[in-house]
Every structure is written in C-alpha cells, then in structure tokens.
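Everything below concerns the one structure shown next.
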Amino acid sequence: MNRLNLAIIGQGRSGKGIHGVFYRSDNNRLFTVKYVVEQDAYRGNLAKELYPGCTVLSDYKELFAKTDIDLVVNATFSEMHFAITEDLLEHGLNVLVEKPFARNRFECDTLIRLAEQKGVTLAVFQQTFYSPIYMKAIEVLQSGVLGKPEQISIRYNGFSRRWDWQTLQKRLGGGLYNNGPHPIGLGLGFIDFDPAVRVVYSKTDSTDLTSGDGDDYAKVLFTAPGKPLVDVEVNSTDAYPTHTIKIQGTKGTYVSSQSEYKYTYIIDGENHERPVVEGSLKKENGDPVFCSEQLIKHEVTGKFDGTPFDMGVSNLYEDLYYAITEGREMMITPKKVKEIIGIVESVHAQNPLPRKF
C-alpha cells in the first residue's frame, strides 16, 4: 500500500503525545509526516528530530501552497478546531480534526456540508470507538447474552485538579468538551446513535478543584424510545472510581475498567421457573423465610490487548486511510460525532455556568 503524506498542526499533548507517538510507532505503515505546523521554536526543532525529513512551518496557511499533502491533522487548541478545519476544507484538503469536533451542532453541520461540497474527507479523532474497551462491550451487548439492556453506565472519573487552558469556557474547556466526547460517544454507540435520543437529566458544576470556570463535574442521563438508559459521568471529584463501563441487562451484567472486563450471566432453562406465591413464604414449620436462592450463573473474565491510545489510534488511522484512498465510509462518521456534540450542547444549555474569565 502506498503511504499517504500528512501534515499535522500542533505539537502539544495531543499532537506530539498521541498522534506523534503513533506516527513513530511500528503500527504506522500508512502515513508519512511531511509537514509539521508549530509556532513554538523548541517544539518545531524537536519535530525535525521526531519526524526525520519533515518540513516545519509556523503558519498552517502555508500548507495551501503545497501540492503533496493527502491529509491534514488539526491538533490545535479546542476553540480553534472549527475555524481552522473550515479553512482547510475550503482549500480542498482532507482533514482529521481532534475532539471536540466543534462548539455546537450548527458548526458541525457547517463543516459536514463544506466537506461534501468540496468532495474531500472529513473525520473526527474519536479513537475510543476503535479500541478494545468499546469493541468488547459492543460485542457482548449485541450477542444477547446479557438479555435486554436496562441501563448502561459510563464513568470517566478521577480525583484530580487542573489549572490550564482546559479549565476555561472561553477556550472551549471543561470536562464535557475535553473528556466528555468519549463516554457520551460510547453511550450513543450503545444505543445505535438513535436519532430520537434526548437528555432526560443533567447536572454540571465547576468545583473548588478547578482553577478556571469550566465544568469538572458532569452527570448526564439520556435515552431513546425502547433503548436503555445511558448514565454518563465526567467527574474530577471521585476518589474511588469503580468502573469505566457497566451494562446491566435482564440476564446478566458486564463491567470493565480500562484494562480488563468481566461479565456474569444466566442461561434460559438452567434456573427453574418460580411460580408467584401471593402470600408469605414459609418454612415447613411455619417460620417466615425470605426469597433466597443460588442462581446458576456463568462468569467470563478477560484483559484488553491494547488501549484507546495505541490500538484505538492505529485502527482509526487505518479506517481513515481507506476512506481517503477508496472512498469507504468510516465506522464513526462526522454525522455521528455531531450527535455527541449535540448532547454536550444540550447539557450546557440546561446548566449554564457563570463565566469568570
């Protein structure tokens, strides 16, 4: 397969620490870093060492004069995603933009329409969908072994504080825009991105742990007719996080962390039917007794071989490669990601936080 030339804008935590790690790994067989756009002199000089043969530019608009670029990766600050992606698409370039995709559904629609008009590929870096943590959960859910799913809980929790630009509303910061697209996206994936989805409850807060004015606590409940309730938390005040994904069904429960999973289930016919007893349950001597039994259950355990930051990144880039070279539709399209931003937009509308900066 022919390698594609890419340009990446930004060499910060994401550009260097996630995308850049992939570019330099053995998993990258499909892309060559041709250009790096970085204003910081130190990071620019470092990029020349990290990606031998690349050309470092200080302004992304210099890319418009190049004729050897197959893909531009927009790893700029969150509040810059929309404007820069729009400019790149206007100039006929294929774009992979970091999350959050944009500020709201209107901006998402604008970029989607523009990509279609220009006949170019637009993708959003939602790599968790391509990682084992999601793929295993969706496999178990769709197998039916858990029965009818009633509730799906997703936790992106911890106990920590931040004081950087990601805490500022004016920079499109806060937990919902920063980490929220991952658990909200997974939740939407579990209910098949149902177009009838609605937020039934939400709460956000900017606690004393955060120096800025963005949210660092968010609780979001959403569902659609005939679908399970999805319960999402993005919470910096949880010192005892217990799981990342939990699926509760009528025949079993699945739970996973970022590194391992387990699920317990029952099989039809193995536990004999219990007819309803309208009165109190009694022992033979007449003493009262509680409903109690040992169900015949089965448990499966396993560990994930890979994370969103290695396998997830690699799989997304492979999917993107074939979208560019063969016109295949990606597993996670911009239209699906627009629904993620729609949830974030709804939650912010329901819970406006005061701006302090």
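Laid out as a table, the results:
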quantity	calculated
Qualifying positions in region 308-329 - surrounded by fewer than 20 Cβ atoms within 10 Å (Cβ to Cβ) and within 15 Å of the chain's Cα centre (by Cα)	309, 310, 311
Residues (of a type in the set (Phe, Trp, Tyr) and out of contact with any strand residue (DSSP E or B) (no Cβ under 7 Å at 6 or more places or on another chain)) located in region 1-47	22, 42
So residue 335, is it open to solvent by 50 Å² or more (accessible area, probe 1.4 Å) and within 17 Å of the chain's Cα centre (by Cα)	yes
Filter result (part of a helix (DSSP H, G or I) and within 15 Å of residue 111 (Cβ to Cβ)) within region 310-338	334, 335, 336, 337, 338
Matching residues in region 31-60 - criterion: being hydrophobic (A, V, I, L, M, F, W, C), closer than 13 Å to residue 71 by Cα and open to solvent by 40 Å² or more (accessible area, probe 1.4 Å)	none
Hey, residue 142 part of a helix (DSSP H, G or I), open to solvent by 10 Å² or more (accessible area, probe 1.4 Å) and either over 16 Å from residue 341 (Cα atoms) or touching a residue at least 12 places away in the same chain (Cβ under 8 Å) (or both) or not	yes
Identity of the residue in region 287-307, assigned to a strand (DSSP E or B) and open to solvent by 90 Å² or more (accessible area, probe 1.4 Å), that ends up nearest to residue 186 (Cα to Cα)	303
Condition broken by residue 150, with the remaining ones in (1) outside any strand (DSSP E or B); (2) open to solvent by 50 Å² or more (accessible area, probe 1.4 Å) satisfied	(1)
Residue, nearest to residue 32 (Cα to Cα), within region 272-317, restricted to residues that are in contact with a Lys or Arg (Cβ under 9 Å, 6 or more places away or on another chain) and at pLDDT 95 or above	304
Some residue of region 158-165 being in contact with a Lys or Arg (Cβ under 9 Å, 6 or more places away or on another chain), touching a residue at least 60 places away in the same chain (Cβ under 8 Å), open to solvent by less than 40 Å² (accessible area, probe 1.4 Å) and part of a loop (DSSP other than H, G, I, E, B)	no
Residue, surrounded by the fewest Cβ atoms within 10 Å (Cβ to Cβ), within region 64-75, restricted to residues that are of a type outside the set (Gly, Ala, Ser) and more than 17 Å from residue 118 (Cα to Cα)	68
Strands (runs of 3 or more DSSP E) enclosed by region 182-256 - at least 3 residues per element that are open to solvent by less than 30 Å² (accessible area, probe 1.4 Å) and under 24 Å from residue 129 (Cα atoms)	217-223, 229-235, 245-249, 252-256
Condition met for residue 123 (open to solvent by less than 30 Å² (accessible area, probe 1.4 Å) and either under 20 Å from residue 320 (Cα atoms) or modelled with pLDDT of 95 or more (or both))	yes
Yes/no for residue 271 being over 23 Å from residue 227 (Cα atoms), loosely packed, with under 13 Cβ neighbours inside 10 Å and free of Cβ contacts under 8 Å to residues at least 60 places away in the same chain	no
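Quick grid of which residues meet (1) open to solvent by 10 Å² or more (accessible area, probe 1.4 Å); (2) touching a helix residue (DSSP H, G or I) at 6+ places or on another chain (Cβ under 7 Å); (3) free of Cβ contacts under 8 Å to residues at least 40 places away in the same chain:
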{"position": "77", "(1), (2), (3)": "yes, yes, no"}
{"position": "116", "(1), (2), (3)": "yes, no, yes"}
{"position": "119", "(1), (2), (3)": "yes, no, yes"}
{"position": "133", "(1), (2), (3)": "no, no, no"}
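The values are calculated or read from the model by the stated rules, or taken from the named source; none is laboratory data. Just so you know, these numbers come straight off a predicted model, no measurement behind them. Methodologically, a virtual Cβ is constructed for each residue, glycine included, from the backbone with ideal geometry; neighbour enumeration extends over all protein chains shown. Ligands, DNA and RNA are excluded from the accessible area calculation, which covers all protein heavy atoms including side chains. Shrake-Rupley method; radii C 1.70, N 1.55, O 1.52, S 1.80 Å.
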